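K.L.:
Submitted below is the structure of interest, expressed as structure tokens.
The values are calculated or read from the model by the stated rules, or taken from the named source; none is laboratory data. Treat the numbers as computed from the prediction; the structure is a model and nothing was measured. Protein only, heavy atoms only, side chains kept; ligands, DNA and RNA dropped before computing areas. Shrake-Rupley method; radii C 1.70, N 1.55, O 1.52, S 1.80 Å.
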Amino acid sequence: MPPKKPQAPLKKSRPLTYYQMIIEMLKFLEVSIHTILFVRRVYPSELFARRKKYDAPVYQSRHPDLNKYISDAVKAVGDELTRGSVERVVIVIRDKDGVAMERFMFNFSGIPSIPQDAEWQKWQSIETVMTAATLAQYFRSFLIRLELIEDQLG
């Protein structure tokens, strides 16, 4: 995970810093995993609470062990993202026999790389990075499509 540094609230019209971008991507990944597990009925629907994130309906597990497992996995991805060693994360839905039925791929290859010896740059806004508002629009679009998958795949 990115190191903690006191930051002002995100300004929706300014490009994000490297670390802000990583943090927002990880929040999105965690929300997406919970929603995928609900939409694809991996666990009983009673285990989830409906929430709203990025102006889209999402689902959050209410089971503490599952929440910790997902949170720990996302933190591990965050550690690797800050090192620049992750290109994609794949969530695989398997049947009872362990056969892969579906894959949800999150591609992180577009995250700009910053040299290890330029750590200070990771706190600077990156002009080529989206603003928080634009990023939230992309996240919202994905989550709405994810909600529609339930109707399409059954």
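K.L.:
Share of the range 12-64's accessible area from carbon and sulfur, percent, 1.4 Å? Each step should come with its number before you reach the end.
P.N.:
Details: 1320 of 2610 Å².
Carbon-and-sulfur percentage of accessible area, whole number: 50.
K.L.:
Moving on. Taking θ as phi - 60°, what are the ³J(HN,Hα) couplings along the range 74-80 by the Karplus curve (6.51, -1.76, 1.60), each to the nearest whole Hz, with x for Gly and Pro?
P.N.:
Whole-Hz 3J(HN,Hα) from phi for the range 74-80: 5, 4, 5, 4, x, 4, 6.
K.L.:
Can you run phi through the Karplus equation (6.51, -1.76, 1.60; θ = phi - 60°) for the range 103-110 and list ³J(HN,Hα) in whole Hz, with x for Gly and Pro?
P.N.:
Running phi through 6.51 cos²θ - 1.76 cosθ + 1.60 with θ = phi - 60° gives 10, 10, 10, 10, 9, 10, 5, x Hz.
K.L.:
Residues with amide H under 5 Å of residue 58's amide H, sequence separation 5 or more or different chain, H placed in the peptide plane at 1.01 Å from N; which?
P.N.:
Result for residue 58 returns 51, 52, 53.
K.L.:
Per residue of the range 130-145, in order, report the coupling 6.51 cos²θ - 1.76 cosθ + 1.60 (Karplus, θ = phi - 60°) as ³J(HN,Hα) in whole Hz, putting x for Gly and Pro.
P.N.:
Result, rounded to whole Hz: 5, 7, 4, 5, 5, 4, 4, 5, 5, 4, 4, 4, 4, 5, 5, 4.
K.L.:
Would you mind checking which residues have amide H under 5 Å from residue 17's amide H? H placed 1.01 Å from N; only 5 or more apart, or other chain.
P.N.:
126
K.L.:
Next question, about the same structure. Can you pull the percent of Cα pairs in the range 63-109 with separation above 16 Å? Intermediate results must be reported in sequence, preceding the final value.
P.N.:
On the way: 575 of 1081 pairs.
Result: 53 percent of Cα pairs exceed 16 Å.
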